[in-house]
Amino acid sequence: MANATSRIAADIDFDRQGRQSGYLRAPLSRNTSGWGIVEIPITVVKNGSGPTVLFTGGIHGDEYEGSIAVSELARTLDPAAVQGRVILMPAVNIPAVLNDTRLSPVDGRDMNRCFPGNAKGTFSEMLAHYLDAVILPMVDASVDLHTAGHSGDSIPSTNMHHIADPVGMARTLAAAEAFGAPYNVVFAGVDEGATLTSSVERRGILSLGTELGGWGRVNIEGVRVARRGLRRFLHFMEIVEAAPDDDDPKTRHMQVGDRACYAFAPSAGTFEPRNTVGQSVRAGDPAGFLHFVEDVDREPVEVAYQRDGILWMSAGPGRVARGDTVSVVMTDYSGGKV
Ligand SMILES: [Zn+2]
């Protein structure tokens with residue numbers, strides 16, 4: 001199915017009943033093939049009438065847990081058990097997924113800084129535009145699955161922004177509880193204007209993000225949380241009747257409200273963290289130490305937390321550059337604007 005506004009074609013019909021799996025075909029002219037394409041996996045499961053949910057993984061190529069869980073659900077979701085439509089894209093930024101990098105090797109772009117995209121732009125911009133202009137108008141709720149990638153680690157969590165409309169805010173908090181990660185973080189991001197989430201929210205669509213691990217490996221707990229969270233989310237949306245039952249503890253609502261929650265490396269060095277994600281930390285305590293192993297007799301530099309709370313994300317252990325985030329602390333959600 002061609003779309004007038006995009007250069008990307010889909011070989012599936014979003015309105016057809018039943019399960020379809022196939023590819024979006026995105027043009028990519030390259031030295032070896034002027035008329036070459038890139039195939040992006042997509043599965044649509046539709047039955048009857050009901051809301052449409054979009055699950056996306058692999059917007060960043062080195063974040064595995066969401067891709068695994070969305071891919072598994074795409075293979076196993078029974079159309080007969082669905083009332084509505086589920087669009088599953090486990091590896092949106094497929095060039096980056098196959099390259100195991102956050103940024104696309106095709107154009108050097110972070111796709112999650114390209115929204116709302118541009119149909120005639122770079123490959124990542126074209127892909128962002130397709131999601132924004134073609135997919136999102138069909139969608140009632142979106143879960144975009146991420147981790148901290150190679151650059152850090154995160155405790156398995158959902159996340160969301162503050163929503164001015166109190167009904168929308170309450171519904172999103174309830175959706176996060178339904179997903180059932182150990183934590184849900186209401187946050188004001190450092191750089192949020194060009195993310196998929198920002199496009200979703202601009203359209204008034206129910207939106208959740210996740211952070212499910214990192215450090216360039218598959219987080220076992222992150223996969224478990226994602227796997228059961230997606231099915232529970234479908235139950236919350238009344239698309240499936242049965243939800244995985246378990247006795248996991250309830251989701252704890254947290255917030256990351258200001259710059260003091262973040263610690264940045266004051267210079268390049270080897271960062272030795274003092275905590276792992278999920279641990280309680282205190283303002284003034286060391287988040288870690290920057291070591292300068294290339295300089296004899298140079299003392300390490302301490303980087304301190306500025307907030308009491310729980311460590312949401314951590315960088316290292318490893319090399320950091322000046323300005324890299326080395327820790328993000330979350331505090332209990334106040335119930336107010338973040
Ligand atoms: Zn990501």
### The listed residue being more than 19 Å from Thr43 (Cα to Cα), part of a loop (DSSP other than H, G, I, E, B) and within 16 Å of the ligand (Cβ to nearest atom), out of Ser124, Ser104
Ser104
### Task
Can you tell me which residue among Ala181, Ala175 is within 26 Å of Arg75 (Cα to Cα), assigned to a helix (DSSP H, G or I) and either out of contact with any helix residue (DSSP H, G or I) (no Cβ under 7 Å at 6 or more places or on another chain) or among the small types (Gly, Ala, Ser) (or both)?
Ala175
### Message
Between a residue in segment 219-231 that is at pLDDT 95 or above and any residue that is part of a helix (DSSP H, G or I) and of a type in the set (Val, Ile, Thr), which pairs come within a Cβ distance under 6 Å, given they are 6 or more apart or on different chains?
### Response
Val223/Ile68
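Could we say that Arg109 is open to solvent by 20 Å² or more (accessible area, probe 1.4 Å), within 15 Å of the ligand (Cβ to nearest atom), closer than 30 Å to Phe271 by Cα and within 14 Å of the chain's Cα centre (by Cα) here?
Values: open to solvent by 20 Å² or more (accessible area, probe 1.4 Å): yes; within 15 Å of the ligand (Cβ to nearest atom): yes; closer than 30 Å to Phe271 by Cα: yes; within 14 Å of the chain's Cα centre (by Cα): no.
In short, no.
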### In segment 1-19, the residues that are open to solvent by 20 Å² or more (accessible area, probe 1.4 Å) and in a loop (DSSP other than H, G, I, E, B)
Met1, Ala2, Asn3, Ala4, Thr5, Arg7, Asp11, Asp13, Asp15, Arg16, Gln17
### Summary
Within segment 248-270, residues more than 22 Å from the chain's Cα centre (by Cα) and surrounded by 16 or more Cβ atoms within 10 Å (Cβ to Cβ) come out as Ala265, Gly269, Thr270
#### Entry: Residue selected from segment 154-179 under the condition open to solvent by less than 20 Å² (accessible area, probe 1.4 Å) and touching a Pro at 6+ places or on another chain (Cβ under 9 Å), by the criterion nearest to Phe233 (Cα to Cα)
Ser157
### Task
Say whether the condition of being among the polar types (S, T, N, Q) and open to solvent by less than 40 Å² (accessible area, probe 1.4 Å) is met by at least one residue in segment 293-312.
no
### Task
Could you check, for segment 57-69, whether at least one of its residues is in a loop (DSSP other than H, G, I, E, B), without any contact (Cβ under 8 Å) to a residue 40 or more places away in the chain and over 12 Å from the mean Cα position of the chain (by Cα)?
no
### Message
So, in segment 28-63, exactly how many residues are within 14 Å of Pro95 (Cβ to Cβ) and in contact with a helix residue (DSSP H, G or I) (Cβ under 8 Å, 6 or more places away or on another chain)?
### Response
10
### Message
It is to be established whether one or more residues within segment 228-244 are open to solvent by 20 Å² or more (accessible area, probe 1.4 Å), on the phi > 0 side of the Ramachandran plot and among the aromatic types (Phe, Trp, Tyr).
### Response
no
### Summary
When every residue in segment 184-214 that is away from the ligand (no atom under 14 Å from the Cβ) and open to solvent by 30 Å² or more (accessible area, probe 1.4 Å) is compared, the one modelled with the lowest pLDDT is Ala188
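Considering His161, His146, which residue is out of contact with any His (no Cβ under 9 Å at 6 or more places or on another chain), within 27 Å of Gly213 (Cβ to Cβ) and either within 16 Å of the ligand (Cβ to nearest atom) or modelled with pLDDT under 95 (or both)?
Working: His146 fails: out of contact with any His (no Cβ under 9 Å at 6 or more places or on another chain).
Result of the check over His161, His146: His161.
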#### Entry: Conditions (1) part of a helix (DSSP H, G or I); (2) of a type outside the set (A, V, I, L, M, F, W, C); (3) open to solvent by less than 20 Å² (accessible area, probe 1.4 Å); number of the one not met by Gly22
(1)
### Query
Name the pairs: first residue in segment 242-269 and within 10 Å of Arg307 (Cβ to Cβ), second residue at pLDDT 95 or above and in a loop (DSSP other than H, G, I, E, B), Cβ to Cβ under 6 Å, at least 6 apart or on different chains?
Ala260/Gln306; Ala260/Arg307; Cys261/Arg307
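I'd like the residue in segment 39-71 that is over 23 Å from Asn112 (Cα atoms) and open to solvent by 10 Å² or more (accessible area, probe 1.4 Å) and, out of all such residues, is nearest to the ligand (Cβ to nearest atom).
We begin by selecting, within segment 39-71, every residue over 23 Å from Asn112 (Cα atoms); these are 45-51.
Narrowing further to those that are open to solvent by 10 Å² or more (accessible area, probe 1.4 Å): 46-51.
On the way: Lys46: 28, Asn47: 31, Gly48: 33, Ser49: 33, Gly50: 29, Pro51: 25 Å.
Taking the candidates together, the pick is Pro51.
The values are calculated or read from the model by the stated rules, or taken from the named source; none is laboratory data. Quantities reported herein were computed from a predicted structural model and do not represent experimental measurements. Cβ sites come from the backbone with ideal geometry, for glycine too, and all protein chains shown count toward neighbours. With ligands, DNA and RNA removed, areas are computed over all heavy atoms of the protein, side chains included. Shrake-Rupley method; radii C 1.70, N 1.55, O 1.52, S 1.80 Å.
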